[in-house]
1. Using alpha carbons only, how many angstrom separate the centre of the stretch 132-147 from the centre of the stretch 275-290?
2. If I build a Gaussian network model for the chain, linking alpha-carbon pairs within less than 10 angstrom, which residue out of 124, 234, 17 has the largest mean-square fluctuation?
3. May I ask for the distance between the Cα centers of the stretch 68-100 and the stretch 167-234, given as a whole number of Å?
4. Per DSSP H run of n ≥ 4, the term is -39500 (n - 2.57); total these for the chain, divide by its residue number, and report the mean residue ellipticity at 222 nm rounded to 500 deg cm²/dmol.
5. How large are Rg and Dmax for the stretch 8-125 when only the alpha carbon atoms are used, in Å?
6. Share of the chain's accessible area from carbon and sulfur, percent, 1.4 Å?
7. Taking every DSSP beta bridge that has both residues in the stretch 129-280, what percent is antiparallel when rounded to the nearest 5?
8. Using a 1.4 angstrom probe, figure out how much accessible area the chain has per residue, in square angstrom, rounded to the nearest whole.
Amino acid sequence: MAEIPCASLLRPELGELTAYLPELAEYPVRLDANEAPALLSAGAREQLERAVHDTRWERYPDPTASALRASLAARSGVSPQEVLAGAGSDELITLLLTALSRPRDRTDAAVVLTTTPTFVMYRLAARARGMRVLEVPLDANWDLSLDSMRRGAELAPPNLVFIASPNNPTGNLMARDRLEALITSLPESLVVIDEAYIDYAPGNQLELYQRFENVAILRTLSKIGFASLRVGWLIARAPLVAEIDKLRPPYNLCSLSQRLGALVTSELAGELAALCELVKSERTRVTAELEKLPGFRVTPSQANFLWLRTPGPAGELFAALAARGVLVRSFHQRGGRLAEQLRVTIGAPTENERLLDCLRELT
Ligand code: PMP
């Protein structure tokens, strides 16, 4: 490999990281990234196009994203002062980590507590900032291991705790009583409940945010039809939002993302809800069909994807599906209990049928 200029000046943690690079090849059926199926109505597309048409191209976007934040706040049932909008929840994860990175007394690095398996960006973004990451394995049902998490937190008190619920890649909500017990046992830590998939779950966890000062919530438009816009939002107490906002790059959300994000969450909210209903009914249907295949088991999902236990090595099935033009997500390189699991996004009915046909042929 070529010499890296100024190598001795780079953060040492970069040596252990690899760039986040999704599969770039073209596949006829992509069920690998938990995006929503392309099922927007013609009317909705027209409304989006009209909004693009009115863009003032020569002007900077609204630096405070006020219309977007107002719409996101109304959708979430909180005030705009409690909302920080970011370029996807990815950006908000990095802002949270940067803001809450002060090492505790007598330690040289702040600690981040999370689960495994879960969304990898918590770990990657924390390591990139030199923070220590404690990953506590989920239990046999992919739920929080409360005792292990509490024990870990006692040994290394975390500044931040990231809990995705529903979790990626397992698709389940974390048990409410465990989540609450974790929150109450860590009053000196900010517990971030990542609700990226909450539109596919029954209810949400906002009530925990309302009751506990040390809770924040993350949400995104990426999983409900608008991954292209890169709009995510953090819900936190207004004074904390104001602090984190000092770190936000100016104009982090372009005019189109602000404008279309506001449109999608106001006038097109009914369209989003209909899309989620369709995905949920497909989720029920696909789960039932998969359960009929010998050796497969599906973890009950409250997200727009399924966590599928395969009868043999997941890596082989992944490759066989890819060879048939169906891309799913495999975690087999990580070994252990992940070696027999695949994550499969719920797509449009025809895409789901294609997946099922391939699996029927392969088993
Ligand atoms: N949180 C979770 C749990 C996710 O699975 C993802 C996307 N894979 C994200 C956050 C990032 O979402 P965004 O597109 O809003 O950055």
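The values are calculated or read from the model by the stated rules, or taken from the named source; none is laboratory data. Just so you know, these numbers come straight off a predicted model, no measurement behind them. Note: ideal-geometry Cβ built from the backbone for every residue, glycine included; neighbour counts use all protein chains shown. Accessible surface is based on the protein model in full, side chains and every heavy atom, while ligands, DNA and RNA are left aside. Shrake-Rupley method; radii C 1.70, N 1.55, O 1.52, S 1.80 Å.
1. Using only Cα atoms to place each centre, the spacing works out to 28 Å.
2. Sorting by GNM fluctuation, first place goes to 17.
3. Comparing the Cα centres of the stretch 68-100 and the stretch 167-234, I get a distance of 12 Å.
4. Working: 12 runs with 135 residues, N = 363.
That comes out to -11500 deg cm²/dmol.
5. 19.8, 60
6. Details: 9220 of 17080 Å².
Carbon-and-sulfur percentage of accessible area, whole number: 54.
7. On the way: 4 of 13 bridges.
Of those bridges, close to 30 percent are antiparallel.
8. Working: 17080 Å² over 363 residues.
About 47 Å² of surface per residue is accessible.
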